[in-house]
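Q: Next up is a structure, given as structure tokens.
The values are calculated or read from the model by the stated rules, or taken from the named source; none is laboratory data. Predicted model, so just to flag it, every value in this text is computed and none were measured. All Cβ positions, even for glycine, are placed from backbone atoms using ideal geometry, and neighbour counts span all protein chains on display. Keep in mind that these areas ignore ligands, DNA and RNA; they rest on the heavy atoms of the full protein, side chains included. Shrake-Rupley method; radii C 1.70, N 1.55, O 1.52, S 1.80 Å.
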Amino acid sequence: MAAPGAPVTVTVTYSNEKHSIQVASQQEDGEPTLQDMAVLIEQVTGVPVPFQKLIYKGKSLKELEQPLSALGVKNGCKVMLIGKRNSPEEEAELKKLKDLEKSVEQIANKLEEVNKEFTSIQKGFLAKDLQAEALKQLDKRIKGTAEQFMKILEQIDAILLPLYVSKRLLGSICF
């Protein structure tokens, strides 16, 4: 048996493909979990984690937070994958959505900067005679940022994703 925290090598069978993968824990000093293995399987096979059904010794592996050792999975084991890859069209739409998520993060950072500047003006760190002009500039930046957010919302609205993908990904974007 592998030492706790040591990577586990597993052979994954998917359709007529076989993949040997080495699963390591994503947490420092932790054991590899089913989630760690599922993410790695997604990278290797292209089957998204929510669409994977992993079978080991005739049993379906479902508890993603469980360590592999608790599920009996150890070095040299064979795991069967049943699942469906996204179509190229879905992948293109998912990429657009991920790019939009990055844009939202960048705009959120800009808003954070504006908030810091506003707070420093509020606390009196800027001479009174310069405050009016600084507030005008901040107002312009906020309006520009709001417009950028609106454009992103329009782009999100134009993306065509199956319902199950929409729920999974849109839950990760926080406004």
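Q: Could you list, in sequence order, all residues of the stretch 26-40 that are open to solvent by less than 20 Å² (accessible area, probe 1.4 Å) and under 15 Å from the mean Cα position of the chain (by Cα)?
A: If the condition is that a residue be open to solvent by less than 20 Å² (accessible area, probe 1.4 Å) and under 15 Å from the mean Cα position of the chain (by Cα), then ASP36, ALA38 are the ones that fit.
Q: Can I ask one more? State all residues of the stretch 84-104 that are free of Cβ contacts under 8 Å to residues at least 24 places away in the same chain, open to solvent by less than 100 Å² (accessible area, probe 1.4 Å) and in a helix (DSSP H, G or I); if no residue qualifies, say none.
A: Answer for the stretch 84-104, where residues must be free of Cβ contacts under 8 Å to residues at least 24 places away in the same chain, open to solvent by less than 100 Å² (accessible area, probe 1.4 Å) and in a helix (DSSP H, G or I): GLU91, ALA92, ASP99.
Q: Right, next: Show the residue pairs meeting these rules: Cβ distance below 8 Å; 6+ apart or different chains; first residue within the stretch 15-32 and among the acidic types (Asp, Glu); second residue in a loop (DSSP other than H, G, I, E, B).
A: Close Cβ pairs satisfying both conditions: ASP29/GLY5; GLU31/PRO4; GLU31/GLY5; GLU31/SER25.
Q: Could you list all residues from the stretch 16-25 that are loosely packed, with under 12 Cβ neighbours inside 10 Å and outside any strand (DSSP E or B)?
A: Scanning the stretch 16-25 gives a single hit, ASN16.
Q: Within the set of pairs 6+ apart or on separate chains, which have a first residue in the stretch 130-147 that is closer than 16 Å to LYS116 by Cβ, a second that is loosely packed, with under 10 Cβ neighbours inside 10 Å and at pLDDT below 95, and C-beta atoms under 6 Å apart?
A: Listed by first residue and then by second, the contacts come to nothing, as the list is empty.
Q: Another question, then. Consider GLU63 against the criteria (1) under 24 Å from GLN26 (Cβ atoms); (2) out of contact with any helix residue (DSSP H, G or I) (no Cβ under 8 Å at 6 or more places or on another chain); (3) among the charged types (D, E, K, R): it satisfies all of them except one. Which criterion is unmet?
A: It fails just one condition, (2).
Q: Taking into account only those residues within the stretch 105-164 that are on the phi < 0 side of the Ramachandran plot and in a loop (DSSP other than H, G, I, E, B), which is most open to solvent (accessible area, probe 1.4 Å)? Don't jump to the end; show me each part of the working.
A: Keep residues of the stretch 105-164 that are on the phi < 0 side of the Ramachandran plot, which gives 105-123, 125-164.
With in a loop (DSSP other than H, G, I, E, B) added as a condition, the list becomes 123, 125-127, 159-162.
On the way: LYS123: 136, PHE125: 154, LEU126: 54, ALA127: 50, ILE159: 25, LEU160: 139, LEU161: 35, PRO162: 36 Å².
In this case the residue turns out to be PHE125.
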